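What follows is a short report on a single structure.
The values are calculated or read from the model by the stated rules, or taken from the named source; none is laboratory data. These numbers were taken from a predicted model, which means no experiment stands behind them. Here the Cβ positions follow ideal geometry from the backbone for every residue, glycine too, while neighbour counts run over all protein chains shown. SASA here: full protein model, heavy atoms, side chains in, ligands and nucleic acids out. Shrake-Rupley method; radii C 1.70, N 1.55, O 1.52, S 1.80 Å.
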Amino acid sequence: MTGKIPLLVLAGPTAAGKSDLALRLAPLLETDIISADSAQVYRGLDIGTAKPSAGERRQVRHHLIDMVDPDEDYSVADYQRDAQRLIGRLWSGGRLPFMVGGTGLYLRAVTENYAFGKRGGEGVFRRRLEAEADAAGSEALHERLRARDPAAAERIHPRDRRRIIRALEVFTLEGRPISEQVERTRKGEAPYRLLTFGLTLPRPLLYRAIEERVEAMLERGFLEEVRTLLSRGYRRSSPGLQILGYRQLAACIAGEISREEAVREIKTQTRRLAKRQLTWFRRDRNMRWLDLSAAGGVERAVEIIRGGVKEILA
RNA sequence: GCCGAGAUAGCUCAGUCGGUAGAGCAGCGGACUGAAAAUCCGCGUGUCCCCAGUUCGAUUCUGGGUCUCGGCA
């Protein structure tokens, strides 16, 4: 017995059936759902993020949904803090912590206990460096990073300005290299006894599910939802409106692209999102894969997961 | 039925003065430590419609065929 808290994780790409499975599982395990979804943290983004309905949330308690308004920041460090606190609380209340979601970074920050520094992102700093990157190119900033934090520069591509700027930000604000954080994480110990399941589907089925889901969202009033957000005064540049789907429909409402273009773009970008999500999860060697389109479907998946849970709690 | 144009990657198309071919989009693979549904990197995946002829060699030239799209009937 290690004394570590057991943690059940259900990961998977968008539209693979995570929510349905989790909704079935949670009552059987007599526990709640801890969402690991970077889009569902925004209040008011309901249809386009496939957020669980009010009814579903009455059936099973969901955590870490509706955390901030669309113009507020919510970072992976916020998520890690909130999720880890919750996991401890649930476990000491006699419940198995159960994380469900598709945001690889969020899941990993929790399960591997990423060592974050003290300082988050700062708009002023970022805007200044963005301007510099526009003027001189991200490669110039990359050179600067090489001088300050060679280890980080080695890992970050010269054109990946997001990461270059963040690395410079850490160095400037905290006075130490971001690569040190990664080192600290590597040396640290995993705080949980993990049981990790990944949902997958044959690619053609996954893509068909995405297609149908986007159509269903539009029928349920996705476009109206975006209109409402804009009419409440949220700017297109605010974090919530940068989310996939919201960004494209906002462009459509602004008259920049047609509705057809917006819908096509949303579908394409969602397929790519699903692909990136899978890339993230495939990296986890301990992931046990489940395919809901395979024989037995959801029932079989439920049994497999319950079996795994029995073992980890024994 | 006649006349014309076309047929090359999943799609739209370029190209080869005869030496088995390349763009965009789509797709595939990967990275990821405070924006992550973000950001970034890598990769052509092909009976060049079919059959015959000419040729050392045909996706390319010639003939025939098939199909598609225009126009005329």
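Summary table below
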{"item": "Total residues in the range A:60-85, condition more than 15 Å from the chain's Cα centre (by Cα), closer than 26 Å to A:LEU28 by Cα and within 12 Å of RNA strand B (Cβ to nearest atom)", "result": "0"}
{"item": "So A:ARG264, is it more than 16 Å from A:LEU45 (Cβ to Cβ), within 8 Å of RNA strand B (Cβ to nearest atom) and either open to solvent by 70 Å² or more (accessible area, probe 1.4 Å) or acidic (Asp, Glu) (or both)", "result": "no"}
{"item": "Residue among A:LEU218, A:LEU145, A:LEU201 that is closer than 30 Å to A:PHE98 by Cα, more than 10 Å from RNA strand B (Cβ to nearest atom) and either open to solvent by less than 50 Å² (accessible area, probe 1.4 Å) or in contact with a strand residue (DSSP E or B) (Cβ under 6 Å, 6 or more places away or on another chain) (or both)", "result": "A:LEU201"}
{"item": "Helices (runs of 4 or more DSSP H) (entirely within the range A:201-264) containing at least 3 residues that are of a type outside the set (Asp, Glu) and touching a residue at least 40 places away in the same chain (Cβ under 8 Å)", "result": "A:203-219, A:222-231"}
{"item": "Residue within the range A:225-232 that is open to solvent by less than 30 Å² (accessible area, probe 1.4 Å) and of a type in the set (Asp, Glu) present", "result": "yes"}
{"item": "Any hit, the range A:4-27, residues being farther than 27 Å from A:LEU201 by Cα and surrounded by 20 or more Cβ atoms within 10 Å (Cβ to Cβ)", "result": "no"}
{"item": "Verdict on A:GLY88 being under 23 Å from A:GLN269 (Cβ atoms) and either within 16 Å of RNA strand B (Cβ to nearest atom) or touching a residue at least 60 places away in the same chain (Cβ under 8 Å) (or both)", "result": "no"}
{"item": "Per-region count, the range A:46-98, residues among the β-branched types (Val, Ile, Thr), open to solvent by 20 Å² or more (accessible area, probe 1.4 Å) and not in a loop (DSSP other than H, G, I, E, B)", "result": "1"}
{"item": "Neighbours by Cβ (under 7 Å, 6+ apart or cross-chain): first from the range A:150-163, within 22 Å of A:GLY123 (Cα to Cα) and near RNA strand B (Cβ under 6 Å from one of its atoms); second modelled with pLDDT under 95 and not aromatic (Phe, Trp, Tyr)", "result": "A:ARG159/A:SER138; A:ARG161/A:ALA133; A:ARG161/A:SER138"}
{"item": "Checklist (1) more than 25 Å from A:GLY308 (Cα to Cα); (2) open to solvent by less than 60 Å² (accessible area, probe 1.4 Å); (3) away from RNA strand B (no atom under 13 Å from the Cβ) applied to A:ARG43, failing item", "result": "(2)"}
{"item": "Condition met for A:ARG285 (of a type outside the set (Val, Ile, Thr), exposed (fewer than 12 other Cβ atoms within 10 Å of the Cβ) and at negative phi)", "result": "yes"}
{"item": "Residue count for the range A:28-40, restricted to those that are in contact with a strand residue (DSSP E or B) (Cβ under 7 Å, 6 or more places away or on another chain), in a loop (DSSP other than H, G, I, E, B) and open to solvent by less than 20 Å² (accessible area, probe 1.4 Å)", "result": "2"}
{"item": "Check on A:GLY104, at negative phi and either touching a Phe, Trp or Tyr at 6+ places or on another chain (Cβ under 6 Å) or within 11 Å of RNA strand B (Cβ to nearest atom) (or both)", "result": "yes"}
{"item": "Subset of the range A:288-301 [within 11 Å of A:LEU199 (Cα to Cα) and open to solvent by less than 40 Å² (accessible area, probe 1.4 Å)]", "result": "A:LEU290, A:LEU292, A:ALA301"}
{"item": "Single unsatisfied condition, A:LEU105 versus (1) in contact with a strand residue (DSSP E or B) (Cβ under 6 Å, 6 or more places away or on another chain); (2) surrounded by fewer than 17 Cβ atoms within 10 Å (Cβ to Cβ)", "result": "(1)"}
{"item": "Neighbours by Cβ (under 8 Å, 6+ apart or cross-chain): first from the range A:166-190, over 10 Å from A:ASP149 (Cα atoms) and open to solvent by 30 Å² or more (accessible area, probe 1.4 Å); second hydrophobic (A, V, I, L, M, F, W, C) and more than 9 Å from RNA strand B (Cβ to nearest atom)", "result": "A:THR172/A:PHE125; A:LEU173/A:PHE125"}
{"item": "Check on A:LEU96, touching a His at 6+ places or on another chain (Cβ under 6 Å) and more than 7 Å from RNA strand B (Cβ to nearest atom)", "result": "no"}
